[in-house]
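Comments concern the structure below.
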Amino acid sequence: MSLTLPANYSAALTTAFKENWLFQFYHGDESAFIGLAFADTTVSSIFYLGAILNQPRIRESIDLESSTAKSSNISLEVANVNFRNDDLSAEIFGTSRYFINHTVKVYSQLNDNATLSNCLQIYEGRLVATTHSDSRVRLEIVSHRPWDELEIPQSRTTTNNILIPVSYGDFTENSASTFASPIIASSLTSEAYRPVPFNKINDGKSLYVDGNTTASKGELAVHEKGADVFVPLENAEAATVNTDNTHHDQVEPFQKRAFIQRADTSEETANSNVTVTNIANAIDSNTSTYATFSSTQSNANNIDSVTYKFKVGSASGKSSNSFRFLGATASEPVNDSETDIDISSASNVTVYDIIKINTEQMRVTAIASNTLTVERGFAGTTAAEHDNDSIIEINDTINIVAIKYSITVTSIDGDLSKVRLIVQTDGNSYSESKTSTLGTTTRYFNLTSSTAEISLNVSFYADDNATTGSLDAVVNIYDVFVQTQRIAAQPATKLYVANDGLKESWSGGDAAITEVHEAHRDLLIRYAGVSTTTPTGWSDLDTARDGWDIRWWTLKTVSLRNVLEQMQYEGGFIFRFRPDFTTHYIHIPNSPTTTTSLDSNGATVTTFTLSQDDLQNVQISHTPLDNLMTTMVINYKKHPAESRYFSTQTSTLAAGTLPRTKWNIGAKENIQDVNLDMLVANVGSTDFTGARNSGFAEYYNQIVGDVKTQVSAAVVNPIFYGMEPGDFLEFTNMMVDPFGESWSGKQFIVTSLNRSMGMLNFTAREV
């Protein structure tokens, strides 16, 4: 969309015209200004002193490759004339009206028009410095942007002065995983979490600074590094609590979590006359299917055995037998066989916890009020008697090996013939010897070290003392896994949450922000004070960027400008302020159309199809070969807990295809590594075959994937004076073809403008 030209201004451009520039220097509360110009003039009853000695240029450009915009600064040389009974230099700096760091607006006046609304605003900046001599004043005006010198986050908690995180996007939590019903690690598939810092313990809860409110997605999780999964904490609260100047996620200080790690590979290390079938069934997620070990033997003193090693590559953490005081004692004497134990308080106990009284460990299998049902003599300890008021301790960290199996003896001859099952890890072992059928059962034992391998040995044998013996038996292994349990000794400094990010701020603040461009607009409004008025180009961009999803957060201060520009790059759009300081979003549509210029009444003045007669000093060039990129290695979905990305995609043009062949590009040349910290969807295809706006890879491939024609020229036809960066052009009836190709079908986007008195120069790039 080009500049909307005032009707009188547009009419003046159709014939020879005289141009003057008006400079409004605001001061104080910016309700008033002084006016300077190239020539004395009065506009809307305001006198503009014609004291400006030089004729500056106003430059503005956009960079399609980085998706950034830039506008120039202005230096004015002004005669140090008498102004308000003193030198102009004294007015600018020596009074109480204070012009420094206040707004400067620049207007183009044609033919001495006396009404400001008939003038065209062409610039807005701020006065930042002034110097003078006896005869001249130098005024430095910068293109001010409201995000200059701003950082986010800006708010902190009241008590501990912790920065309140800023976050955007749709996050997804994993299903609950408890000691009683732990989730398999491979089912904890969501990586869509964000970090939140610990603040304090309040009302018996550990509080973590979220920054956003929720009633349903505030459950905290811990990152288990070994398995690389986010495990929800037991008894985490779904709703945030608003305290200490912001919203917090909350969980019990113990921060209990549990999950299951299944073996992911198996390896047969010994073999004999044992038949093994369906070994994969022992480590799948189906507790009804099984692996079978069978043997038939008829010789005394014979042993048939096989050993399988199951690799638990995702084992997490280091297990220990470290216990700490539970905050409870036994409420009754305990004999050496009792399995229901009354304690003073079971509020911090969960099914499958490991507790200890004196030297005996017990595994909790059920809880009813303050009565624990336990498995006595757990982990090889000895069941014993314990006195009333005996101190109860609880295990902080433990890995429990679980094996579900059955033994079926079809026939047996000889008293000492038997089946033996041995399960062993780095830290401990469990064994079972049977001479008769054993129904399906599950056995547990804990480890004293981390688990990397579970060794399973099945033996069918007759004892050396037997004179005869025969055995026909089957062992079915339904399940082998490690249940990892952890209890925090103290609150973690950082946990993770799947609560969604901030909501949009331009229409009531209720709509979720899920896409990159939405987050960009919200930051401008929320932190830079930009108007909520719908920007030029927003509607088209909003449609084109459907599904370009964001997940982003920051817990530390970062430059607002850098964040905005990163969003522009990852979202494939450019943001700029127009000369009247309204906002403008630019992107290249799948099928660009030539920009239409409108007058103040909305009537079409012209479309930007230029001919040789409209231009002078036409120069045709091409984009540098150094900028060409035909392969992108795109890293995306930033890890919330580690300095890496979950996903990597290589997008490349096939070998032998244009432009790799055309420009003699080697296989390892023109490769760009791209890290996307925000964009998590619509990354694009692996071969750039989608439409331009279908994904990140396609969008930028259309920009840097081939050498593009560029046109630079001066506009001599003033009807195009409303041109601005981001406008789309076509050319016709030109004196020369671009590198021998036809102008027909080629479309260009304006990438730079250089505006001076009575002159407009531009550069446009083929799209």
Based on this model, can you work out whether Phe688 counts as buried (at least 17 other Cβ atoms within 10 Å of the Cβ), of a type in the set (Phe, Trp, Tyr) and modelled with pLDDT under 95?
yes
Quick one: in region 76-86, of everything that is in contact (Cβ under 8 Å) with a residue 12 or more places away in the chain and in a strand (DSSP E or B), which residue is farthest from Ile141 (Cα to Cα)?
Phe83
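Yes or no, residue by residue, for (1) free of Cβ contacts under 8 Å to residues at least 24 places away in the same chain; (2) within 24 Å of Asn754 (Cα to Cα); (3) among the polar types (S, T, N, Q); (4) touching a Pro at 6+ places or on another chain (Cβ under 6 Å):
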{"position": "Asn670", "(1), (2), (3), (4)": "no, no, yes, no"}
{"position": "Leu679", "(1), (2), (3), (4)": "no, no, no, no"}
{"position": "Ser685", "(1), (2), (3), (4)": "no, no, yes, no"}
{"position": "Arg692", "(1), (2), (3), (4)": "no, no, no, no"}
{"position": "Ile703", "(1), (2), (3), (4)": "no, yes, no, no"}
{"position": "Thr709", "(1), (2), (3), (4)": "no, yes, yes, yes"}
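Say we look at region 432-448 and pick out the residues that are under 53 Å from the mean Cα position of the chain (by Cα) and surrounded by 15 or more Cβ atoms within 10 Å (Cβ to Cβ); which of these is modelled with the highest pLDDT?
Applying the filter and picking the extreme gives Leu438.
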Does Gly211 qualify as being buried (at least 21 other Cβ atoms within 10 Å of the Cβ), under 26 Å from Asn348 (Cα atoms), in contact (Cβ under 8 Å) with a residue 12 or more places away in the chain and not acidic (Asp, Glu)?
no
Qualifying position, being without any contact (Cβ under 8 Å) to a residue 60 or more places away in the chain, in a loop (DSSP other than H, G, I, E, B) and either of a type in the set (Asp, Glu) or in the same structural domain as Gly211 (by TED's automatic domain parsing) (or both), among Glu173, Glu191, Glu149:
Glu149
Looking only at region 545-582, and only at residues there that are among the hydroxyl-bearing types (Ser, Thr, Tyr) and over 19 Å from Tyr645 (Cβ atoms), the one that is modelled with the lowest pLDDT:
Thr582
For region 107-132, pairs from a residue that is free of Cβ contacts under 8 Å to residues at least 40 places away in the same chain and within 28 Å of Gly94 (Cβ to Cβ) to a residue that is part of a strand (DSSP E or B) and of a type in the set (Asp, Glu), with Cβ under 9 Å and 6 or more apart or across chains, are Val128/Glu140; Ala129/Glu140; Thr131/Glu140
Taking region 343-399, which residues are within 18 Å of Ala488 (Cβ to Cβ), modelled with pLDDT under 90 and either in a strand (DSSP E or B) or small (Gly, Ala, Ser) (or both)?
Ser347, Ile354, Ile394, Asn395, Thr397, Ile398, Asn399
Residue in region 614-626 that is closer than 30 Å to Arg194 by Cβ and surrounded by 14 or more Cβ atoms within 10 Å (Cβ to Cβ) present:
no
Tell me whether region 414-430 contains one or more residues that are closer than 28 Å to Glu453 by Cα, outside the structural domain of Asn286 (by TED's automatic domain parsing) and surrounded by 19 or more Cβ atoms within 10 Å (Cβ to Cβ).
no
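Here is a yes/no grid of residues against (1) outside the structural domain of Ile634 (by TED's automatic domain parsing); (2) buried (at least 23 other Cβ atoms within 10 Å of the Cβ):
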| residue | (1), (2) |
| --- | --- |
| Glu698 | no, yes |
| Val711 | yes, yes |
| Ile719 | yes, no |
| Met723 | yes, no |
| Gly726 | yes, yes |
| Phe739 | yes, no |
| Arg755 | yes, yes |
| Leu760 | yes, no |
Please work out if Ser186 is surrounded by fewer than 23 Cβ atoms within 10 Å (Cβ to Cβ), farther than 22 Å from Met678 by Cβ, touching a residue at least 60 places away in the same chain (Cβ under 8 Å) and polar (S, T, N, Q).
yes
Can you spot a residue in region 264-279 that is of a type outside the set (Gly, Ala, Ser), surrounded by 23 or more Cβ atoms within 10 Å (Cβ to Cβ) and in a strand (DSSP E or B)?
no
Which listed residue is surrounded by 19 or more Cβ atoms within 10 Å (Cβ to Cβ), outside any helix (DSSP H, G or I) and either modelled with pLDDT under 95 or at positive phi (or both), from Ser2, Ser96
Ser2
Residue check, Thr178 exposed (fewer than 15 other Cβ atoms within 10 Å of the Cβ) and part of a loop (DSSP other than H, G, I, E, B):
no
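The values are calculated or read from the model by the stated rules, or taken from the named source; none is laboratory data. Bear in mind the structure is a predicted one, so any value in this text is a computation, not a measurement. Positions of Cβ are generated from backbone atoms using ideal geometry, with glycine treated the same way; all protein chains shown enter the neighbour counts.
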